[in-house]
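Below is the structure I would like to discuss, written out as structure tokens.
Here, each number is a calculation from the coordinates, and none is a lab measurement. Quantities reported herein were computed from a predicted structural model and do not represent experimental measurements. Virtual Cβ from ideal backbone geometry, glycine too; neighbours counted across all protein chains shown.
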Amino acid sequence: MTEGEEPSEVVSEAEIERGWQRQPIVAVLGHVDHGKTSVLDHFRSLGVERQASVMNREAGGITQHIGATEVPAKVLNDTCAEMTGGTDFKSPGLLFIDTPGHQSFTSLRSRGGALADIAILVVDIMEGLQPQTIESLRILRDKKTPFVIAGNKIDRIMGWRTVKGRSFIESWSIQRQDVQQLFEERYWKLLGQFSEHGFNIERYDKIRDFKSNLAMVPCSAKDGEGLQDLLTVTVGLAERFLEDRLTDTLGPGEGTVLEMKDEQGLGKTIDVILNRGKLNIGDSITLVGADGPFETHIKGMRRPKGMAEMRDAGDRWEVCDSAIAACGLKIVAPGLEKVLVGTTLRQTNLDEEKTAANIEGRKEANISVELAEEGIIIKADTIGGLEALAFELNKMEIPIRMATIGPVNKRDILGAQSAKDPLNQIILGFSVKGNTEVASRLEGEDAEMKFISNEIIYRILEEFEQWRDDTKATMEAEARENLIYPGHLRYLKDHTFRNKGPAIVGMRVLGGRVHVGQRIMKLDGTQVGKIRSLRTRSSDEVREGKQGDELAVAVMGPTVGRHIEEGDEFWVDIPASHAKRLRRLDLTDTERDILEEITHLHRKTDHFWGR
């Protein structure tokens with residue numbers, strides 16, 4: 001549909017008989033930074049009204065939410081005329097879904113894959129398959145979605161010369177032989193990587209059987225070379241193998257909610273990809289909220305003009321009374337503030353449609369995040385974002401106690417504060433902030449609760465890991481202060497200052513360390529008493545004595561001459577629980593030797609001591 005055209009009010013039987021079909025929905029997937037959004041930016045720039053780069057406005061240059069762009073039939077046919085010999089496509093256009101590429105966006109990518117008829121998997125030909133690419137392959141296989149491989153960044157092959165808008169076939173014929181050889185090396189490596197995952201790929205211009213081989217289209221999204229080949233292969237495959245799916249569009253309207261936002265003059269609106277059927281102003285629709293499905297009605301609808309990307313259309317929207325799949329829509333309706341982004345919109349004008357929509361809606365309202373009795377709290381602005389963050393945390397074996405959608409509130413703070421483990425006293429937020437009641441309590445160095453929020457998940461995870469490391473270090477430092485360390489002492493001759501109550505005698509620390517409050521025992525394990533104080537030769541009171549120190553030690557319990565004698569040696573008595581922790585610390589060789597002696601002594605009577 002070209003800019004300025006009104007959507008058809010009805011689809012007639014005559015249109016269906018002569019092969020009417022909706023435009024294919026194309027998902028663009030792949031590894032972060034491999035060029036997905038750059039590919040789409042090029043497609044958006046093909047029309048008369050060139051669109052600015054969406055990628056530059058995305059957080060960190062990474063697409064964080066599913067977006068959609070319509071490319072009209074005229075633009076497709078004009079762009080691909082050289083490849084098709086001037087024969088027009090049947091398709092009324094293409095609807096591209098731009099999906100997040102970072103590996104943790106499994107949930108969002110999965111929603112995109114389920115919605116799409118066909119996909120473009122963008123792979124950096126210089127880097128090959130990466131973890132996110134492999135995850136995308138899994139999704140496409142699970143969803144049984146046919147796809148084309150965009151072998152992007154051929155411009156990075158040393159010596160490759162690109163020309164904007166030129167086809168790959170034309171480009172290949174003029175490249176030097178040594179450059180072609182470099183390309184072949186990359187291509188065969190890529191072929192091997194795909195083969196390891198059960199996929200047979202072939203350069204698209206050499207394929208004889210598209211059912212047995214995946215088409216790989218070499219291209220440069222940066223320089224605009226080979227993109228017409230990519231478009232031609234994508235539309236051609238969709239029309240050849242998906243005719244039944246693309247013509248099966250009648251019936252109740254159904255779509256996926258991409259975003260809910262406030263629009264000046266309109267109030268709450270939702271951006272939707274209509275992938276089936278037809279919607280009209282006044283239709284009853286069922287949406288999914290946190291508490292389950294709810295019913296509302298369409299008060300208004302708008303579509304992006306021309307090739308404007310839905311998230312970036314600005315004022316480039318046109319009012320429509322009805323719309324037919326597949327297209328992107330902005331819908332105005334009462335009660336939209338309850339909707340969960342990423343769920344399904346269903347047209348429910350009939351009672352049986354409402355019953356079916358309620359059953360499916362209840363399933364969707366269940367957030368698929370595994371919760372534990374003890375763990376951290378996570379928040380996000382969408383279901384997909386929440387599940388994606390949870391997916392990544394699960395890989396890190398981080399337990400989650402609460403996972404909800406929306407801004408951080410008082411209940412979240414109380415929940416985090418009640419965590420028993422200090423490492424769980426934190427809130428992670430993906431694209432959310434605190435609400436007006438608690439926002440100030442989450443900011444600044446003396447914030448009431450540690451809150452990490454970002455629009456890019458991997459940055460949340462990086463900051464979270466750093467916080468955990470810092471918190472662990474602090475906890476260990478505090479534990480070290482309270483831990484009873486190995487120590488070895490000797491009662492010095494002629495250094496008895498008081499016989500009892502407490503006994504005060506001179507001792508040398510032969511190894512390790514000794515603290516006030518610790519108990520000491522003889523080398524045979526006989527308990528002696530508890531250290532009340534430590535003083536240096538200059539009578540300064542200290543909390544700790546280290547190897548080589550000579551100290552006046554006040555010990556409550558023993559009597560000189562009855563329980564202890566000059567020349568006696570003592571061990572610091574270490575609790576069994578401390579011994580286990582001490583072995584994980586960086587002890588000195590002397591401390592480790594003393595610990596082993598003490599362990600050996602205790603295990604004479606308790607074989608499992610300190611294990």
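Going by average Cβ neighbours within 10 Å, how do the peptides 561-568, 382-389 rank, with the highest at the top? Before the final figure, lay out each step's value.
Values: 561-568: 14.2, 382-389: 26.1.
The packing order, highest mean first, is 382-389, 561-568.
Now for a different question. Using only alpha carbons, build the gyration tensor for the range 328-394 and give me the equivalent ellipsoid semi-axes, biggest first, whole Å.
Semi-axes from the Cα gyration tensor: 29, 15, 10 Å.
Taking 0.36 nm per residue of sequence separation and subtracting the Cα-Cα distance, how much length would be gained by fully extending the chain between Ser45 and Asp142, in nm to one decimal?
Details: separation 97, 0.36 × 97 = 34.92 nm, distance 3.25 nm.
Length difference between fully extended and current span is 31.7 nm.
Taking the Cα centre of the range 290-414 as origin, work out the dipole magnitude from +1 charges on Lys and Arg Cβ and -1 charges on Asp and Glu Cβ, in debye rounded to 20.
That gives a dipole near 400 debye.
Rounded to the nearest Å, what's the spacing between the alpha carbon centres of the range 160-174 and the range 484-545? Just the number, please.
Cα centres, the range 160-174 to the range 484-545: 84 Å.
Using only Cα atoms, find the angle between the long axis of helix 177-196 and the longest principal axis of the chain, and express it within 0 to 90 degrees, rounded to the nearest 10.
That works out to roughly 70 degrees.
Something else: Could you work out how far apart the two model spin labels at Asp209 and Ala372 are, taking each label as a point 7 Å from the Cα in the direction of the beta carbon, and quote it in nm?
4.9 nm
Further question: Hey, if you put +1 on the Cβ of every Lys and Arg and -1 on every Asp and Glu Cβ in the range 541-604, which of His563, Leu551, Leu601 ends up farthest toward the positive end of that dipole?
Leu601
Helix 106-115: angle to the longest alpha-carbon principal axis of the chain, degrees 0 to 90, nearest 10?
Relative to the chain, helix 106-115 is tipped by roughly 20 degrees.
For the chain, state the semi-axes of the equivalent ellipsoid (square roots of 5 times the eigenvalues of the alpha-carbon gyration tensor), sorted largest first and rounded to whole angstrom.
Semi-axes from the Cα gyration tensor: 68, 30, 19 Å.
In terms of modelled amide H atoms, which long-range or inter-chain residues lie less than 5 Å from the amide H of Leu94?
Val71
Same structure again: Enter the Cα centre distance for the pair the range 377-443 and the range 285-305, rounded to the nearest angstrom.
With the range 377-443 and the range 285-305 each reduced to a Cα centre, they are spaced 27 Å.
How large is the charge dipole for the chain, taken about the Cα centre, if only the Cβ atoms of Lys, Arg (+1) and Asp, Glu (-1) carry charge, to the nearest 20 debye?
The dipole magnitude comes to about 1880 debye.
How tilted is helix 73-84 with respect to the longest principal axis of the chain? Cα atoms for both, answer in degrees (0 to 90, nearest 10).
90 degrees
Could I ask something else about it? Reported to two decimal places, what Rg/Rh ratio describes the range 335-456 when computed on Cα atoms with Rh from the Kirkwood expression?
Numbers: Rg = 16.5 Å, Rh = 15.7 Å.
Rg/Rh: 1.05.
Treating only the Cβ atoms of Lys and Arg (+1) and Asp and Glu (-1) as charged, compute the dipole magnitude of the range 487-602 about its Cα centre; round to the nearest 20 debye.
Here the size comes out at about 460 debye.
Please name which of Leu442, Leu94, Leu483 has its Cα lying farthest along the dipole of the chain towards the positive end, using unit charges on Cβ (Lys, Arg +1; Asp, Glu -1) and the Cα centre as origin.
Projecting each Cα onto the dipole axis, the largest value belongs to Leu483.
Now for a separate question. Residue separation times 0.36 nm, minus the C-alpha to C-alpha distance between Thr471 and Asn409: what's the value?
Computed gain between Thr471 and Asn409 is 19.9 nm.
In addition: Using modelled amide H (1.01 Å from N, peptide plane; none on Pro or chain starts), what sits under 5 Å from the amide H of Glu455, excluding residues fewer than 5 places away?
Answer set, sorted by chain and number: Ser431.
Charges on Cβ only, +1 for Lys and Arg, -1 for Asp and Glu, centred on the Cα centroid of the range 213-371; of Ile285, Thr232, Thr269, which one is farthest towards the dipole's positive end?
Positive-most Cα among the choices belongs to Thr269.
Pop out the ³J(HN,Hα) list for the range 398-412 in order, Karplus 6.51 cos²θ - 1.76 cosθ + 1.60 with θ = phi - 60°, rounded to Hz; leave Gly and Pro as x.
Each residue of the range 398-412 in turn: 9, x, 10, 9, 9, 9, 9, 9, x, x, 5, 10, 4, 4, 5 Hz.
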